[in-house]
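Worksheet: the structure to be examined is printed underneath.
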Amino acid sequence: MHTLTPSKQDFRFHSGIEALPDAALILSLDLVIMSGNKKAQRLLGVRFPDDVGKHIEQLLIDPEFSDYLQQGKFETPCSIKSPINDELQLEISVMSFGGERVILMSRAIAKYHRLKKMRREFVANVSHELKTPLTVVRGYVEMIQETDHALDPHWKKVFTTIEGQVSRMERLVEQLLSLSKVENNRDDEDMKEVDMPALVENLVEDAKWLNQTKQHELRTHITQGIGVFGIETELKSACANLISNAIAYTPADGIIDVSWRRNGDKVIFSVKDNGDGIKADQLNRLTERFYRIDKSRSRDTGGSGLGLAIVKHVLLHHKAELVITSEWGQGSEFAIYFDEGLVC
C-alpha cells in the first residue's frame, strides 16, 4: 500500500481545513492550539504562528465557554461573544478529530440565523401564494371533467393527467407549509400532555383508508397509559409521515407494524415494514429536505422528499431522536425515541 509522506499529509490536512465553511482550530487533546484556517484569524482573532502553543482559554476568555469545556458535553454547541467584536455572537462546536486531536469550529450565528429566517419566510410566503392558483386550476379542471358533453378520450387523458399533477403540487405546498410552521414554532407554551396511545390508534385508522389499494397488513402494538409532554399537532405530523412513508414504499400485501412502547428509560414510537429496505450509503441523507432514494418511484407515489425533514424538526423541538435501521432487501424500521423526562 502506498503511504503518503508527512509533507503530503500535512498539505492535504491543511487544505482540508482551509476549505471548511467555518472558522476552524486544531487543538491537542489538552486543548492547546496547533493550527487553524484563515477564517479563524478573521473570526476569532487568532494569530499564526504567534498563538500556536497557547491554551484555547487564553484566546477565548468567556465564563460560558469555560463551563462548556469543563462539563465536557459537546453534543450541542456553545454560544459566546466574539473575542474581537462584542456585537458578534459566535456558535462554538468542539469534537474529537482523528483520536489525537480536537477540532473547534466557529460561525457567526447572527447572520446565519437571519439567512435561515429569510429562507423560511420565503418558502412560507411562496407556498401560501401558490395555494390560490392551484385551487383555481383544480376547479376549472373538475368543471371540464364533469361537463355533460362527453370529451374525446385523448382530452379525458389530458385532463386526468393535469388533475394528477395539480394534486401532487397541492401535496408539496401543504408539506412546505407544514415544514415552515414546524421550523418557526419555538414556543414552549404550546407543550401539553399528549395522549399518544389515542393519537397512534387514530393515525392507524386513518392509514387504513390510504391502504385500500395496496392492502398491507397493518399491525399495532400499543401500550396504554403512556403519554408525552409535547405539541400534539407536531407529534401527529411526525408519526403520520412515518406511517404514510411505510405505506407508500412497501410493496402490495406487505406487513407494517406500528408500535408505541416503553423500553428502559425511553418510550418509542416505531413503524416497521418488510419492504425493499434502504442501502447503507443512503441512510444518513434521508432527513435532508427534498432528498429521495428513488426519484422515479417518488414521482409515482407522490413523494416530495419533505416528510422526514418535517419529522427531524419536530423531534428537535421535543429533544427526541429518530433512529433508522434498515437492511437492503429486508425492510426498515423508523423509530422515535423520547426521553423519560417527557413521559407523562
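I'd like the residue in segment 56-82 that is in contact with a Leu (Cβ under 6 Å, 6 or more places away or on another chain) and outside any helix (DSSP H, G or I) and, out of all such residues, is nearest to Glu321 (Cα to Cα). The extreme case among them is Ile80. Is there a residue being small (Gly, Ala, Ser) and at pLDDT 70 or above anywhere in segment 117-136? Among the residues of segment 117-136, not one is small (Gly, Ala, Ser) and at pLDDT 70 or above, which makes the answer no. As a summary of the residue check, Glu205 satisfies the conditions (1) surrounded by fewer than 14 Cβ atoms within 10 Å (Cβ to Cβ); (2) modelled with pLDDT of 75 or more; (3) acidic (Asp, Glu); (4) over 30 Å from Lys319 (Cα atoms) except for the one numbered (4). In the set (1) open to solvent by less than 70 Å² (accessible area, probe 1.4 Å); (2) part of a loop (DSSP other than H, G, I, E, B), Ser237 fails one condition alone, (2). Number of residues in segment 244-289 that are assigned to a loop (DSSP other than H, G, I, E, B), out of contact with any Lys or Arg (no Cβ under 6 Å at 6 or more places or on another chain) and open to solvent by 10 Å² or more (accessible area, probe 1.4 Å) equals 12. For first residues located in segment 194-212 and assigned to a helix (DSSP H, G or I), partners that are hydroxyl-bearing (Ser, Thr, Tyr) and open to solvent by 20 Å² or more (accessible area, probe 1.4 Å) and lie 6+ apart or on another chain with Cβ distances below 6 Å form the pairs Val204/Thr220. Across segment 48-78, the number of residues qualifying as under 21 Å from Leu88 (Cα atoms) and open to solvent by 50 Å² or more (accessible area, probe 1.4 Å) comes to 8.
Annotation note: Cβ proximity below 9 Å between a residue of segment 66-82 that is over 18 Å from Ser28 (Cβ atoms) and a residue that is at pLDDT below 80 and open to solvent by less than 80 Å² (accessible area, probe 1.4 Å) (sequence gap 6+ or interchain) occurs for Pro77/Ile109; Ser79/Ile109; Lys81/Leu88; Ser82/Leu88. When you scan segment 6-27, do you find a residue that is modelled with pLDDT of 85 or more and open to solvent by 80 Å² or more (accessible area, probe 1.4 Å), even just one? No - not one qualifying residue is present in segment 6-27.
The values are calculated or read from the model by the stated rules, or taken from the named source; none is laboratory data. It should be emphasised that the depicted structure is a prediction, and the values quoted were computed from it without experimental measurement. Cβ coordinates were reconstructed from backbone atoms using ideal geometry, including for glycine residues, and neighbour counts include every protein chain displayed. We work out accessible area using only protein heavy atoms, side chains counted, and drop any ligands, DNA or RNA first. Shrake-Rupley method; radii C 1.70, N 1.55, O 1.52, S 1.80 Å.
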